[in-house]
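Before any comments, here is the structure.
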Amino acid sequence: MTDLGPVTWPPAPIRTERLVLREPEARDRAAVIELFASPEVGSFVGGPRPRAEIERAMPGAPGRRPGRFAVDLDGAMIGEVTLTRDTERLRPAAAGKVDLGYLFLPRAWGHGYAAEACAAVLGWFADVLPGEPVVLHTQTANVRSMRLAAKLGFTEVERFHAWDAEQWLGIRPPGTRNAGQAVEPGPGGM
């Protein structure tokens with residue numbers, strides 16, 4: 001996998017107490033379209049995209065790429081967590097580091113699924129690429145995301161203005177673990 005280095009992709013599904021994190025599948029298409037067309041989801045990430053545009057861009061299964069996990073609750077996708085190494089980051093402090101991203105359908109908000117899924121993905125990442133820091137950026141106005149970043153062990157590096165809003169950039173040093181986050185390996189380990 002070129003984004004994240006010498007990691008076998010896809011990994012075995014990651015199972016938590018309530019969720020399964022797995023590679024996206026054709027059955028996730030409707031949920032992905034709903035996710036990217038949702039005004040609530042889009043409110044802090046540049047706005048929703050028109051549903052027809054998303055449907056045209058995704059004629060079949062959602063895109064599969066290393067670092068993209070579908071978050072599955074009881075057999076249905078409720079969101080996604082991504083890890084992406086981007087060498088062209090807006091901020092020098094993030095250049096070359098892996099960036100954690102997450103989007104969840106509004107009906108999944110407020111249940112702790114984002115914290116559970118992100119902690120599991122970060123635990124997997126720490127096991128397969130120990131010693132790698134992870135960055136996260138979000139709008140400071142996104143109070144839920146700011147709370148999640150703190151809960152996951154991210155600390156502020158800087159604030160900056162971009163995309164017509166104040167942004168927050170945090171880093172999670174290598175070796176950071178989340179207290180109370182149980183993660184079980186999927187078939188074949190993590």
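The values are calculated or read from the model by the stated rules, or taken from the named source; none is laboratory data. Only a predicted model underlies this, so the values are computations on that prediction, with no experimental measurement involved. When the accessible area is computed, the model is the full protein with side chains, heavy atoms only, and any ligands, DNA or RNA have been set aside. Shrake-Rupley method; radii C 1.70, N 1.55, O 1.52, S 1.80 Å.
A few notes on this one:
- Accessible-area composition of segment 64-180, carbon plus sulfur, in percent [1.4 Å probe]: 51
- For segment 5-38 versus segment 111-129, the gap between their alpha-carbon centres in whole angstrom: 13
- Whole-number D in µm² s⁻¹ for segment 24-65, Kirkwood Cα-pair radius fed into Stokes-Einstein, 37 °C, 0.692 mPa s: 314
- Relative contact order, percent, the chain [alpha-carbon distance under 8 Å, six or more residues apart]: 23
- Using all pairs of distinct alpha-carbon atoms, the Kirkwood hydrodynamic radius of segment 84-134 works out to 12.5 angstrom.
- Along principal axes, Cα extents of the chain, largest first, whole Å: 45, 38, 33
- A 1.4 Å probe run over the protein chains yields, for segment 1-114, 50 Å² of accessible area per residue, whole-number rounding.
- Cα point-scatterer Debye curve for segment 1-105, base-10 log of I(q)/I(0) at q = 0.18, 0.19, 0.22 Å⁻¹: -0.99, -1.08, -1.28
- Prolate/oblate/rounded label for segment 59-143 (Cα gyration tensor, a/c 1.5): prolate
- Accessible area, probe 1.4 Å, largest first, for residues Ser38, Ser43: Ser43, Ser38
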